[in-house]
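The values are calculated or read from the model by the stated rules, or taken from the named source; none is laboratory data. Note that the structure is predicted; figures quoted are calculated from it, not measured. All Cβ positions, even for glycine, are placed from backbone atoms using ideal geometry, and neighbour counts span all protein chains on display. Heavy atoms of the whole protein, side chains included, go into the accessibility calculation; ligands, DNA and RNA do not. Shrake-Rupley method; radii C 1.70, N 1.55, O 1.52, S 1.80 Å.
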Amino acid sequence: MSAVLQIEGLEAGYVRDLPILRQVNLTLKQGSLTTIIGPNGAGKSTLIKAIAGIVPISAGRVVLNGRDITGIRPDEMAPLGLAYVPQTDNIFRTLTIAQNLALVLRRLPDRAARLRELLDTFPPLAEKLDDRAGALSGGQRQMLAVAMALATRPTVMLMDEPSAGLSPKIAAEVLDLTRSLTATGVSILLVEQNVKQALRVADHCYILAEGRNRLDGPADQILSDPEVAAIYLGGRRVGAA
Amino acid sequence: MIGLISYLAFFATMAGILAIAVLGLNLQWGHTGLFNGGVVAFFGAGAYGTMLLGGPPEPGQFGGFALPYVVALGGGILIAGVVAWIVGLLTLRLRHDYLAIATFGVAVAFENVTRNADWLTGGARGLRGFPRPLEAAIGDTFLYGLFFLGLVLAVLLAVYLGLERLVNSPYGRVLRAIREDEVSARSVGKNPTRLRLESFVIGSMIMGAAGGLYVSFYAFVSPQDLAPILTFQIWAMLIVGGAGNNRGAILGAFLIWGAWTLSGFALSRFAPDAMQLYTGSIQYILIGVVIVGMLMWRPQGLLPERVTKTIYQKGAKKGSVIINKEVI
Ligand SMILES: Nc1ncnc2c1ncn2[C@@H]1O[C@H](COP(=O)(O)OP(=O)(O)OP(=O)(O)O)[C@@H](O)[C@H]1O
Ligand SMILES: [Mg+2]
């Protein structure tokens, strides 16, 4: 399997000379679901935002499908095949579902057909097309956010804690849905707090702590790693937070 | 009877001119979330611009190009656009309240320039205007009042229809997305910086058109016409009518202008003599009370923003879906 997204020696942060991420390396393989876990404040969201072009990068590079996209403006990412689902504020609440989807479908020549496909994939959205997105339930909101990210047929999708704030049952559904999306060919980089659930659906896992790579490996190995189990699946807290 | 009709025409002319400015503000604030606290500067740029281009030459005074009316008004609108473009480049990085303060400052600076740059603006004296369009041809004052009202309402209608088209188009949808969340708009591939500037410039040109009509009606402009209260009146109109709804903007303009006129009349008529000096201040307080009261009890305004329905149209161009009567 080839890499669709390659991150090499990435340094990034919100303030000049104060990098949050230090020398982060990561590879996302074609068609895989790779999860990033780590304590609060580890820099998971920062990493996703740096890839998406929202947080400035001070060193290292981001390569998407063989093309260096380091430092490209976020609004130029979507046409290159990179979609980003933010942790919060990932839909436009005052617009209707239809308008939210229309925003991202705009540039597609086959937008009507694509809209139908999306509504077939996410039936609850089809029933509420003319409702304001702010009136959706938490799970439906994530669904809309994912549908918007998928609309332009990205090759890589970055998702920041799609299960945050959802009940365990709905969270599991959202993660199952995420897993099923890889069947359509999209490769997904998924940040999760919900470690057990994330490892259940992921192929590969990276653990981030204090802005650095801590550990990585196939999800099932990480799941059975005693140290990881003690830190993330047991009760003990890491000092990194 | 003729006196009453003539007065009503005068009232509606003023309300209609203000409604045009409110529509401009509605594009900026209602649809794009740009808190323009300096409406009067763009109204004024259109007003002075129209005057300089269309007015008669005067010794020692810049301007007085005596251009045909349509050219003068169009030029005034363009000047308002250029001023907005420069102000926008400088201030649109600011958010909400900061943008409001910066643009308010611009309006104060603008008024000061008009007061002091005698060579350009005639200073405190102001600028004497040009004969009103077609006034000589129509002759009769009463008929002319109706004609000018017709002109104002025609411009108002054109601006309304144009804006309805714009805000219900994909472009308008992006503006509302930016209004809600710029970072998210960016991450779905939009460029908020450019779109905010465009919306600001278009809205300000509409305000400039209102200013141009205003000075051609009075055939005179002076810094007195650019008092900060005008900005607040226009804001009150939008808030009362309903930000995000163009019909609300027009309704608000007529209601608030009616209330303003009536309160002025009532105060001058019934307020005790000792209070007569302060009737203007009382009106200021009333405007403030209306804004605050509305924001507390009905922040969405009398005609709230509408949720538009998606229409899937059978005969639409292949591969298109109609949303808001618009192809997505
Ligand atoms: N907008 C910001 N400006 C400055 N510093 C920030 C900003 N956002 C996050 N940080 C800092 O960057 C570090 C990493 O934050 P980040 O949000 O990436 O963590 P995270 O791993 O996503 O945590 P969580 O699991 O809580 O979402 C933290 O120390 C945080 O304080
Ligand atoms: Mg986070």
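Mind putting a number on the dipole of segment A:39-147 about its Cα centre? Charges go on the C-beta only, +1 for Lys and Arg and -1 for Asp and Glu, and I need it in Debye to the nearest 20.
The dipole magnitude comes to about 200 debye.
Compare the Cα positions of A:I37, A:I54, A:L101 along the charge dipole of segment A:3-233 (+1 at Cβ of Lys, Arg; -1 at Cβ of Asp, Glu; about the Cα centre) and return the one farthest towards the positive end.
The residue sitting farthest along the positive end of the dipole is A:L101.
Could you order A:T178, B:T141 by accessible surface area, starting with the largest, using a probe radius of 1.4 Å?
B:T141, A:T178
Counting only protein heavy atoms and a 1.4 Å probe, tell me what percentage of the protein assembly as shown's accessible area is made up of carbon and sulfur.
62 percent
What number comes out for the charge environment of A:L158, summing +1 per Lys or Arg and -1 per Asp or Glu over other residues with Cβ under 12 Å away? All intermediate terms of the calculation are to be shown ahead of the outcome.
Details: positive: A:K44, A:K49; negative: A:D160, A:E161.
Around A:L158, the charge tally is 0.
If you line up the long axis of helix B:96-116 against the longest principal axis of chain B, both from Cα atoms, how many degrees apart are they, to the nearest 10?
Relative to chain B, helix B:96-116 is tipped by roughly 30 degrees.
Can you give the longest stretch of chain A with no exposed loop site, where a site means trypsin sites (Lys or Arg not before Pro) in a DSSP loop (not H, G, I, E or B) with at most 12 other C-beta atoms within 10 Å?
Here the longest segment lacking exposed loop sites spans A:108-235.
Which residues, if any, in segment B:279-309 have at least 10 Å² less accessible area in the whole protein complex than in the isolated chain, probe 1.4 Å?
Output list: B:E305, B:V307, B:T308, B:K309.
Search the structure for amide H atoms under 5 Å from the amide H of A:C205, placed 1.01 Å from N in the peptide plane, and list their residues when 5 or more places away or on another chain.
Answer set, sorted by chain and number: A:T35, A:G217, A:A219.
Kindly work out what percent of the DSSP beta bridges joining two residues of segment A:3-233 are antiparallel, to the nearest 5.
55 percent
A plus B alone minus the pair: what accessible area, both sides summed, probe 1.4 Å, in Å² to 100?
The buried area between A and B, both sides summed, comes to about 2700 Å².
Do you know which residues of segment A:67-82 lose at least 20 square angstrom of accessible area in the protein assembly compared with their chain on its own, with a 1.4 angstrom probe?
A:R73, A:P74, A:D75, A:A78
Could you grab the relative contact order for chain A? Cα pairs under 8 Å, six or more apart, rounded to a whole percent.
27 percent
Can you give the % of DSSP beta bridges in segment A:141-241 that are antiparallel, to the nearest 5?
If I count the DSSP bridges inside segment A:141-241, around 55 percent turn out antiparallel.
Could you work out the mean count of beta carbons from other protein chains within 10 Å of each residue's beta carbon in A:111-123?
That average works out to 2.
Counting each DSSP H run of 4 or more residues in chain A as -39500 (n - 2.57), what helix-only mean residue ellipticity at 222 nm follows after dividing by all residues, to the nearest 500 deg cm²/dmol?
-8500 deg cm²/dmol
On average, how many beta carbons from a partner chain sit within 10 Å of the beta carbon of a residue in A:146-158?
On the way: counts 0, 0, 3, 2, 0, 1, 2, 0, 0, 0, 0, 0, 1.
The per-residue average across the peptide is 1.
Using the structure shown, select from A:K128/A:K169; A:K44/A:K169; A:K196/B:K190 the pairs with a Cα to Cα distance greater than 28 angstrom.
Those over the limit are A:K196/B:K190.
How much of the DSSP bridge set in the protein assembly as shown is antiparallel, in percent, rounded to the nearest 5?
About 60 percent, rounded to the nearest 5.
Could you point to the residue in A:T88, A:M159, A:L215 farthest towards the positive end of chain A's charge dipole, with +1 and -1 charges on the Cβ of Lys/Arg and Asp/Glu respectively?
Result: A:T88, furthest along the dipole toward the positive end.
Sum up the charges of everything whose Cβ sits under 12 Å from the Cβ of A:P124, counting Lys and Arg as +1 and Asp and Glu as -1, but leave A:P124 out.
Residues close to A:P124 contribute a combined charge of -2.
Which cross-chain or sequence-distant (5 or more) residues have an amide H under 5 Å from the amide H of A:K29, H modelled 1.01 Å from N in plane?
HN-HN under 5 Å from A:K29: A:V4.
Describe numerically, in nm with one decimal, the distance between label points set 7 Å from Cα along Cα→Cβ at B:W119 and at A:S137.
Placing both labels 7 Å along Cα→Cβ, they lie 7.2 nm apart.
With +1 on each Lys and Arg Cβ and -1 on each Asp and Glu Cβ, how big is the dipole of chain B about its Cα centre, in debye rounded to the nearest 20?
The calculation lands at about 1280 debye.
Rounding to the nearest 20 debye, state how big the charge dipole of chain A is about its Cα centre with +1 on each Lys and Arg Cβ and -1 on each Asp and Glu Cβ.
Computed charge dipole of chain A: roughly 260 debye.
Set the Förster distance to 51 Å, then compute FRET efficiency between A:R200 and B:V292 from the Cβ-Cβ distance, nearest 0.05.
Computed FRET efficiency for A:R200 and B:V292 comes out at 0.40.
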